[in-house]
């Protein structure tokens, strides 16, 4: 049976790419149902999409051709995947704030399938703090963004804002249906499959209806517990900042890390209800409120501090930029300039992520960071497997606004089975919470098999793993 793609098309010059996208999807064997905004109709007529898709095109929420159903609900229920391409700033804002004032925005709120969004707009619009905040909010809720390309824009500017090319969107869709890209629905419906069978005229036995029920003795959680404190009852250890490896009493080896990302993660974990320990190298940042702070200087000191916490944490987030090497000998006196070349013998520092990741307990979640300058995803995937981490947060430190000593960051999360979760450029404070909520959303999904054929530690129930075993720990570098 063919998969059904619900394609949302909004009013922008990139609409012409959506026509090509429909053609490519049809050639791959997908059914495509197009929902257009009135703005989109100014660029391309519904008849063109109808001809290309061989399906009815929807644009009027009050046009009910079939009296036996409600159009925007029926269309939403058909979707195996929703793709909005192009997505204007307007429709992104509507979805972020729950506005349903036309056919597409109404369908998007009714849809229960995973959603991919391909933004397309002027570079300054895309960078606007309001747009970036909406992107961050939707990402945290589970929407997947297809990053716009850089280049000449229809408005005459050059920059980021071009809709991803149709071929690349099709590749992302194929990755999702093949399992290479893991997406969760922001608005799941466990009974959708049953309703589809009933609508097809099939009588569904009650034995086939699998409705999740609460655990014995579990009450109904409050909205505050669900939305504001998802880490309540968990202990999170975060490392942050650089380390300093002494050469002599006045000189040291270090790096450009400011510690801002790690401090933001510690603050976000605390806001989300966790008990937090922040193990930090030298920084000029004020400690987050309500967080226990452990200050260290050398990599060996950070390693020792983490090992002391290893048996007590549920999450370990290793955001620190730990020195990989230290001088074999630290001179007792200042090294004098002699005019000759100076050779330093460097030896490896302890590998915190490896030492904790390879010995983590089943209920522990280990998150590492990978600051790269090339082949970012490949290096991050290798690091995740090699170090035993559940997740790697990878970024290209050469990209403007995403490296050291800046207030923003753009990362790709690499999770179990090497699944990729690209996150847009946003403030480090917003990104910190988005990272945590994305991982939590993944952990709420049914257990999957990792590359080694085992359930990942993040997917096992904490209660299941702790039963009779006491608390244990984890780490990442």
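With a cut-off of 20 Å on the backbone N, the residues of segment 1-30 near the modelled label site 7 Å out from residue 99 along Cα-Cβ are 8-13. In plain terms, the residue of 144, 379, 124 with the fewest other Cβ atoms within 10 Å comes first and the most crowded comes last, giving 124, 379, 144. Using 0.36 nm per residue and subtracting the Cα-Cα separation, the extra length available between residue 256 and residue 343 on full extension is 29.1 nm. Neighbour counts of other Cβ atoms within 10 Å put 121, 345 in the fewest-to-most order 345, 121. Evaluated at q = 0.15, 0.16 Å⁻¹, the base-10 log of the normalised Debye intensity for segment 305-371, with identical point scatterers placed on the Cα atoms, takes the values -0.64, -0.68.
Computed from the C-beta positions of residue 50 and residue 27 and an R0 of 25 Å, the FRET efficiency is 0.90 to the nearest 0.05.
The three principal axes of the C-alpha atoms in segment 103-190 carry coordinate ranges of 46, 27, 24 Å, sorted with the longest axis first.
Principal axis extents of the Cα atoms in segment 4-199, from largest to smallest and rounded to whole angstrom, are 51, 35, 33.
With r defined as the distance between the Cβ atoms of residue 329 and residue 307 and R0 fixed at 30 Å, what FRET efficiency is calculated, to the nearest 0.05? With a Förster radius of 30 Å, E is 0.75.
Counting neighbouring beta carbons within 10 Å and listing from fewest to most, the residues 10, 438 come out as 438, 10. Estimate the FRET efficiency between residue 62 and residue 187 by the formula 1/(1 + (r/R0)^6), using the beta-carbon distance for r and 25 Å for R0, to the nearest 0.05. Rounded to the nearest 0.05, the efficiency is 0.60.
Be a star and scan segment 252-273 for residues whose amide nitrogen sits under 20 Å from the point 7 Å along the Cα-to-Cβ vector of residue 289. Label zone hits: 260-273. Our estimate of slack between residue 16 and residue 417, defined as 0.36 nm per intervening residue step minus the Cα-Cα distance, is 140.8 nm.
Rule-based calculations on the coordinates, nothing more; no lab input. The structure presented is a predicted model; accordingly, all values stated were derived computationally and were not measured. Don't worry about glycine lacking a Cβ; one is built from the backbone with ideal geometry, like all the others, and counts go over all protein chains shown.
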